[in-house]
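Laboratory data are not the source of any read-out in this text; all were calculated from the coordinates shown. Everything numeric in this text was worked out from a predicted model, so none of it was measured.
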Amino acid sequence: MATSIITPDDLEQFKWELLDLIKQQLDKKVDKPVPANEKRVWIKSHQVQRMLGISPGTLQNLRINGTIPYTKVGGVLFYNKEDIEKILENNMRNREESGLCP
């Protein structure tokens, strides 16, 4: 197997080529507009509580046990509205199971 000697100039050239490739990838990502149907809608805790009809303590328990994903900015908790809607759909029972059917 042939041995190659890497010089500091080779490393410098590699660094600039790599940085250029990374910049190209980032430019592609940034220039691509986000479709309207893919934009996230973030809601606060009190809105989630109203959507689900739950207390602040229940919402906290759902966060702690990982049922509801959230993000925290400063001291404010935000939830992706789509995640909350999916949780509602995934936990939906049919009418016979819930006892709502006469």
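Taking amide hydrogens as modeled 1.01 Å from N in the peptide plane, which residues meet the under 5 Å criterion relative to L77, leaving out close sequence neighbours?
Long-range HN contacts for L77: S45.
List the pair-distance distribution P(r) of the stretch 39-94, using every Cα-Cα distance, as the percent of pairs falling in each 5 Å bin from 0 up to the bin containing the longest distance, rounded to whole percents.
4, 18, 31, 30, 11, 4, 1, 0
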